[in-house]
Amino acid sequence: MSTDTLAAYSLLAVYSAAAVYVIAFIAYVLDLARRSTEAIAAQRPAASATVAASAGGGTVLAPPAPVTAEAPARSRAARVAYALTVLGFAIHVGAIVLRGVAASRAPWANMFEFAVTGTAVMMGVFLLVNLWRDVRFIGAYITGLVSLLLMLAAINVYVDVVPLPPPLQSAWLIIHVFVAILGTGFFAIGAGLSLAQLLQERREAGATDRPRFLRSFPTAETLENTAYRVNVIGFAFWTFTLIAGAIWAEHAWGRYWGWDTKEVWTFIIWVVFAGYIHARATRGWRGSRSAWLAIIGFAAVLFNFTVVNLFFKGLHAYSGL
C-alpha cells in the first residue's frame with residue numbers, strides 16, 4: 001500500500017475519531033442534564049416538608065441539602081458516552097499508527113501530527129485516570145476539547161507526509177516530543193478537574209446552586225487533590241521534556257540553550273507549574289488560587305502549541321506549514 005493511501009486512511013480515521021467523540025460529547029451532556037434533573041427532584045421532598053410544617057402552626061426550616069450527593073448510578077447515556085469514548089480512542093490510535101507506517105517514523109514531527117498524537121494522549125490519560133478514580137463527570141470537557149482540536153488540526157494544519165529535516169533525524173524526536181505530549185495530556189486533565197473545582201467551590205460557598213449537576217460531583221477539596229496529583233505527574237514529564245530538549249539542542253545546534261521562543265515558553269510553563277506545586281506545598285495555596293494556576297498553566301501549553309508554532313520564528317519552527 002502506497003504512502004499516500006496510508007496517509008489518506010489515517011486522515012479518514014482522524015475524522016472518524018472526531019465524529020465518535022462528538023457523539024460521546026452529546027451523550028455526556030445528556031448525562032449531566034439527567035444529573036441536574038435528579039438534583040431538582042431531590043430538593044422537592046425537603047421543600048414539601050417545610051411547607052407541611054408551616055401549615056401545622058409553625059415554620060420549621062428544612063435542613064440544608066448536603067453539599068454533594070452520593071455518586072448516582074450511571075445512566076444509559078453515561079455508559080454509552082464512555083463506550084463511545086473508548087471506541088473513538090481506538091480509532092484515534094489507529095490513525096496515529098497508519099500515519100507512522102506511512103511516514104516510516106514517529107508520527108509527531110509536525111504540528112498536525114503533534115495535534116493528532118497529543119489529543120490521543122489526552123484521551124488516553126482520561127481513560128487511565130478512570131482506572132484509579134472515576135472522573136467521567138469531566139467527560140464532556142475532554143471529548144469536547146479533543147474533538148475540537150482534532151477537527152481544527154485536520155482542517156487547518158494538515159500536511160502531507162514529507163521527509164524529516166536534518167535536525168529532527170534523531171532518536172530524541174521519539175523521546176523528547178513524546179514525553180512533552182504525555183505532560184500535555186496530564187495537564188489537560190488537571191485543568192478540567194480544576195475547572196470543576198472552581199464551579200464546585202462557588203456552589204459550596206452558597207454563591208450559586210447552578211449548574212445543579214454539580215451536586216453529583218465530588219467535593220471541591222477532593223477535586224483539588226485529584227487535580228494536584230495529576231498535575232504533579234504532568235510536571236515530572238514536563239521537567240524531563242525541558243532537560244531532554246536542552247540535550248537535543250546541544251546535539252543539533254551545538255548549544256544547550258539559545259532563548260528560542262519555543263524554549264522560552266517551555267520554560268515559562270515549567271515555572272508556572274513549579275510555582276503551583278511549591279505554593280500549594282509550602283504556602284498553603286489551596287482552593288481557587290491553586291486551581292487558577294493549573295488552568296493558566298494549561299492555557300500556556302495551548303498557547304505554546306498554537307500561537308508560538310504559527311506566528312513566531314525560531315529554530316523550533318517545525319509546523320510543516
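The values are calculated or read from the model by the stated rules, or taken from the named source; none is laboratory data. What you are looking at is a predicted structure, and each value in this text was computed from that prediction instead of being measured. Note that we place each Cβ from the backbone using ideal geometry, even for glycine, and neighbour counts take in every protein chain shown. Heavy atoms of the whole protein, side chains included, go into the accessibility calculation; ligands, DNA and RNA do not. Shrake-Rupley method; radii C 1.70, N 1.55, O 1.52, S 1.80 Å.
Every residue, every condition in (1) open to solvent by less than 60 Å² (accessible area, probe 1.4 Å); (2) in a helix (DSSP H, G or I); (3) within 30 Å of residue 301 (Cβ to Cβ); (4) modelled with pLDDT of 65 or more, yes or no:
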position	(1), (2), (3), (4)
20	yes, yes, yes, yes
31	yes, yes, yes, yes
45	no, yes, no, no
79	no, yes, no, yes
88	yes, yes, yes, yes
97	no, yes, yes, yes
106	yes, no, yes, yes
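Under 8 Å between Cβ atoms, which residue pairs at least 6 apart in sequence (or on different chains) link something in the stretch 291-309 that is within 27 Å of residue 110 (Cβ to Cβ) and open to solvent by 30 Å² or more (accessible area, probe 1.4 Å) with a partner that is polar (S, T, N, Q) and assigned to a helix (DSSP H, G or I)?
Pairs found: 305/184.
For every residue, the table says whether it meets (1) open to solvent by less than 70 Å² (accessible area, probe 1.4 Å); (2) of a type in the set (Gly, Ala, Ser); (3) under 15 Å from the mean Cα position of the chain (by Cα).
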residue	(1), (2), (3)
163	no, no, no
169	no, no, no
193	yes, no, yes
198	yes, no, no
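Could you go through the stretch 162-181 and let me know if any residue there is under 21 Å from residue 34 (Cα atoms) and among the small types (Gly, Ala, Ser).
Applying the first criterion (under 21 Å from residue 34 (Cα atoms)) to the stretch 162-181 yields none.
No, the conditions are met nowhere in the stretch 162-181.
Could you list all residues from the stretch 219-256 that are polar (S, T, N, Q), surrounded by fewer than 22 Cβ atoms within 10 Å (Cβ to Cβ) and touching a residue at least 60 places away in the same chain (Cβ under 8 Å)? Don't jump to the end; show me each part of the working.
So in the stretch 219-256, the residues polar (S, T, N, Q) come out as 219, 222, 225-226, 231, 239, 241.
Still in the list and also surrounded by fewer than 22 Cβ atoms within 10 Å (Cβ to Cβ): 219, 222, 225-226, 239.
If the condition is that a residue be polar (S, T, N, Q), surrounded by fewer than 22 Cβ atoms within 10 Å (Cβ to Cβ) and touching a residue at least 60 places away in the same chain (Cβ under 8 Å), then 219, 226 are the ones that fit.
Listed residues 135, 121; which is under 16 Å from the mean Cα position of the chain (by Cα) and open to solvent by less than 10 Å² (accessible area, probe 1.4 Å)? Break it down into steps so the answer makes sense when it comes.
Working: 121 fails: open to solvent by less than 10 Å² (accessible area, probe 1.4 Å).
Of the residues listed, the single one that is under 16 Å from the mean Cα position of the chain (by Cα) and open to solvent by less than 10 Å² (accessible area, probe 1.4 Å) is 135.
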